[in-house]
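> Handing you this structure, nothing more for now.
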Amino acid sequence: MVTEEQLAGWTGPSSATEQDKQELTERMIREAISAHEAFKGFSFSIYAKGSYANNTNVKTESDVDIVVECEEVVYWEEVSPSEGGHPASDAYEGVWTPEYLREQISAALSAKFPGAVTSGTTAFQITSNTSRVDADVVPCFTFREYFPSGYYRQGTKLFKVGGGTIDNYPKLQLNNGRAKNTRTNSYYKKTVRILKRLEGILVDKGLADEQASYLLECLVYNCPDEYFLRSTWRAVMQACLADIYNYTMRPEPTEDSDRWLEGNGVKYLFHFTQKWDRASVHKFANAAWNYMEFE
């Protein structure tokens, strides 16, 4: 049985040494972008996203994800094109195309990290060394989703190499996670770390398939706030695992309000476009429940 003391030990973030390496990696990426001549005089936002930014990372996932958002161009869509919502504007005619953005980010990173940069279909990967961790650098543009009232929800739009785009909301995820952590007296993020470490043990023992770190964070995010205020970590984990198990045992709800969302509060957690499905999560929750020896 996993004891209360073990669970308490799993609540902490990655080690101070790993955190120092993560911070150095982020700082070096910022320096690379700031020093590159092509970016000077233009509006860019550079920020961390994912487990590192959300402070839910554990030792096994010490890499960092850094967004380089070009704010010179704003891509937009309307939730209801027939009702509108986007104000009249002129088409962008500047230099910052998706191809040019990738080209310049590649040049900036290669100058700072010679021989350590490779390009994937979405992000640039920077390999680690003794002083820094692995990093993904995501090139994207500002994206706004307009409602008929004129209100918009802001995120990012990424153009994949070879075609296709991905809309995401990293700042919403970060803000929502912080808000939930505040509401739960900081127990939300500690619970995420427990689940991630539990998943690592289950995978190492061959008791469960590997689950995406982001998925685990979102599963815990969907658990009611009151679960995290229970008196013991075993009670917290029992409530959360039961909720995940029971939700994934049923078909996807037909009512939108009953469906679980990603931590950004926008995208459905279970959708045909996701890399995971309800059945695999249900199987994982069952394995976690049994390993914890809950009744």
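> Could we say that Ala288 is free of Cβ contacts under 8 Å to residues at least 40 places away in the same chain and assigned by TED's automatic domain parsing to the domain that holds Lys180 here?
Criteria not met by Ala288.
> Give the residues of the range 200-242 that are among the acidic types (Asp, Glu) and not in a helix (DSSP H, G or I), sorted by residue number.
Asp209, Glu210
> Just need a number here: residues in the range 274-295 that are part of a helix (DSSP H, G or I) and over 12 Å from Gln211 (Cβ atoms). Steps first, please.
Start the filter on the range 274-295 by keeping residues that are part of a helix (DSSP H, G or I), which leaves 278-292.
Next cut, over 12 Å from Gln211 (Cβ atoms) only: 278-279, 286, 289-292.
Here the count works out to 7.
> Here is a follow-up. Do we have any residue at all in the range 124-147 that's assigned to a strand (DSSP E or B), without any contact (Cβ under 8 Å) to a residue 60 or more places away in the chain and more than 17 Å from Ala35 (Cβ to Cβ)? Steps first, answer last, please.
Applying the first criterion (assigned to a strand (DSSP E or B)) to the range 124-147 yields 124-126, 135-146.
Restricting the remaining residues to those that are without any contact (Cβ under 8 Å) to a residue 60 or more places away in the chain gives 124-125.
In the following step, the residues that additionally are more than 17 Å from Ala35 (Cβ to Cβ) were identified as 125.
Looking for residues that are assigned to a strand (DSSP E or B), without any contact (Cβ under 8 Å) to a residue 60 or more places away in the chain and more than 17 Å from Ala35 (Cβ to Cβ), one finds at least one in the range 124-147, hence yes.
> Suppose we filter the range 198-214 for residues that are under 24 Å from Glu293 (Cβ atoms) and either surrounded by fewer than 20 Cβ atoms within 10 Å (Cβ to Cβ) or assigned by TED's automatic domain parsing to the domain that holds Val64 (or both); how many remain?
Final tally of qualifying residues: 10.
> Name the single residue that is surrounded by the most Cβ atoms within 10 Å (Cβ to Cβ) among those in the range 85-105 being modelled with pLDDT under 85 and touching a strand residue (DSSP E or B) at 6+ places or on another chain (Cβ under 6 Å).
Gly85
> What are the residues in the range 247-269 that are without any contact (Cβ under 8 Å) to a residue 60 or more places away in the chain and either among the β-branched types (Val, Ile, Thr) or within 15 Å of Glu217 (Cβ to Cβ) (or both), if any?
Thr248, Thr254, Trp260, Leu261, Leu269
> Right, next: Pick from the range 231-246 the residues that are free of Cβ contacts under 8 Å to residues at least 40 places away in the same chain and within 24 Å of Gln173 (Cβ to Cβ): which of them is farthest from the chain's Cα centre (by Cα)?
Per the stated criteria, the residue is Ala239.
> Given the residues Ala111, Ala35, Ala88, which is the only one that is in contact with a His (Cβ under 8 Å, 6 or more places away or on another chain) and not aromatic (Phe, Trp, Tyr)? Spell out the reasoning first.
Numbers: Ala35 fails: in contact with a His (Cβ under 8 Å, 6 or more places away or on another chain); Ala88 fails: in contact with a His (Cβ under 8 Å, 6 or more places away or on another chain).
Criteria check complete, one pass: Ala111.
> Restricting to the range 248-273, what's the tally of residues that are surrounded by 15 or more Cβ atoms within 10 Å (Cβ to Cβ) and in a loop (DSSP other than H, G, I, E, B)?
10
> Just to check your reading of the model, which residue among Glu37, Glu23, Glu31 is surrounded by fewer than 18 Cβ atoms within 10 Å (Cβ to Cβ), touching a helix residue (DSSP H, G or I) at 6+ places or on another chain (Cβ under 7 Å) and closer than 20 Å to Val117 by Cα? Spell out the reasoning first.
Details: Glu37 fails: touching a helix residue (DSSP H, G or I) at 6+ places or on another chain (Cβ under 7 Å); Glu23 fails: touching a helix residue (DSSP H, G or I) at 6+ places or on another chain (Cβ under 7 Å).
Matching residue, one of Glu37, Glu23, Glu31: Glu31.
> Of the residues that make up the range 252-263, is at least one aromatic (Phe, Trp, Tyr) and more than 20 Å from Ala179 (Cβ to Cβ)?
Among the residues of the range 252-263, not one is aromatic (Phe, Trp, Tyr) and more than 20 Å from Ala179 (Cβ to Cβ), which makes the answer no.
> Could you tell me which numbered condition Asn185 fails, if it satisfies all but one of (1) more than 30 Å from Trp233 (Cα to Cα); (2) not in a helix (DSSP H, G or I)?
(1)
> Looking at this structure, is Thr191 under 17 Å from the mean Cα position of the chain (by Cα), hydroxyl-bearing (Ser, Thr, Tyr) and either in a helix (DSSP H, G or I) or crowded, with 20+ Cβ neighbours inside 10 Å (or both)? So that I can check it myself, show each step before the final result.
On the way: under 17 Å from the mean Cα position of the chain (by Cα): yes; hydroxyl-bearing (Ser, Thr, Tyr): yes; either in a helix (DSSP H, G or I) or crowded, with 20+ Cβ neighbours inside 10 Å (or both): yes.
Criteria met by Thr191.
The values are calculated or read from the model by the stated rules, or taken from the named source; none is laboratory data. For clarity, every value in this text was computed on a predicted model and none was experimentally measured. Counting neighbours? That spans all protein chains shown, and the Cβs are built from the backbone with ideal geometry, glycine included.
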